[in-house]
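First the structure, in the form of structure tokens, and then the observations on it.
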Amino acid sequence: MTFGTPPLCCIGRGRALFCPSDDVMVMVSAALKIRPFALADTAAFRDLNLAWIEQYFDVETKDREMLSDPQHHILAKGGRVLLAELEGEVVGTVALIPMAEKSVIELAKMAVRDGLRGHGIGQALMAAAKAEARSMGGRKIWLETHSGLEAALHLYRKSGFRPLGPDEWSPTPYSRCNAQLLFDLNP
């Protein structure tokens, strides 16, 4: 598996981090590194996602499948998983999965550890995800979420995603998802 030009994102400059893929400045308490997933990261990927899902919703069958075996359900399908690492500890994650129309990449399973949200880690993951989606040949990034996840929706809108109308929706395996958004990588 190959990834975009290393490093994927974030070159430390004191307390501010610069993400060259989107010229994004984010603030975190220490050097943040965005890196590709390794099989040893499976538990961190699962646990970070279960933490937010269980906080707001019931864990669904599709969640269990993806989180228990990202190698089979994401990577083997040509997808990628990126991790945010802070002081050697995984504190965030995002998955990118090619959809049936290969030029559309699904952004899924984005999570930042509770207590660290609101400090730019999600922005850094998003910038790296956009760069990685481009390297995968993506022209658009699609995601689905719940309208009650206000902080997530704020990040998506701030990152340039637009809400899709019901006539533009793709089928979803998740009962909790009531909003879908799209970002054009080539405006």
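When the expected Rg is taken as 2.2 N^0.38 Å, what fraction or multiple of it is the alpha-carbon Rg of the stretch 32-81?
Here the answer is 1.17, to two decimals.
Counting Lys +1, Arg +1, Asp -1, Glu -1, what net charge surrounds residue 186 among other residues with beta carbon under 12 Å of its beta carbon?
+3
Over the Cα atoms of the stretch 52-187, each weighted equally, I'd like the Debye log10 I(q)/I(0) at q = 0.16 Å⁻¹, rounded to two decimals.
These q points yield log10 I(q)/I(0) values of -0.84.
Taking the solvent-accessible surface of protein heavy atoms with a 1.4 Å probe, what is the per residue accessible area of the stretch 100-184 in Å²?
Per residue, the stretch 100-184 has 48 Å² of solvent-accessible surface.
Please work out the Cα convex hull volume for the stretch 84-126 and give it in Å³ per residue.
Convex hull of Cα atoms, per residue: 72 Å³.
Is the shape of the stretch 28-115 best called rounded, prolate or oblate, per the rule: a/c under 1.5 gives rounded, else a/b larger than b/c gives prolate, else oblate, with a ≥ b ≥ c the square roots of the Cα gyration tensor eigenvalues?
Taking the square roots of the gyration eigenvalues as a ≥ b ≥ c, the stretch 28-115 is oblate.
May I ask you to derive the relative contact order of the stretch 122-187, considering only C-alpha pairs under 8 Å and at least 6 residues apart, and to give it as an integer percent?
Contact order relative to length: 47 percent.
Looking at the stretch 61-107, which trypsin sites (Lys or Arg not before Pro) are DSSP coil and have at most 13 other C-beta atoms within 10 Å of their C-beta?
102
Give, rounded to the nearest 20 debye, the magnitude of the charge dipole that the stretch 68-187 has about its Cα centre when Lys and Arg contribute +1 at Cβ and Asp and Glu contribute -1 at Cβ.
About 260 debye.
Roll a 1.4 Å probe over the protein heavy atoms and report the accessible area of residue 116 in Å², nearest 10.
Roll a 1.4 Å probe over it and residue 116 shows about 40 Å².
The values are calculated or read from the model by the stated rules, or taken from the named source; none is laboratory data. Because the structure is predicted, anything quoted here is derived from the model rather than measured. We place every Cβ from the backbone using ideal geometry, glycine too, and count neighbours over all the protein chains shown. Note: areas computed on protein heavy atoms with side chains; ligands, DNA, RNA excluded. Shrake-Rupley method; radii C 1.70, N 1.55, O 1.52, S 1.80 Å.
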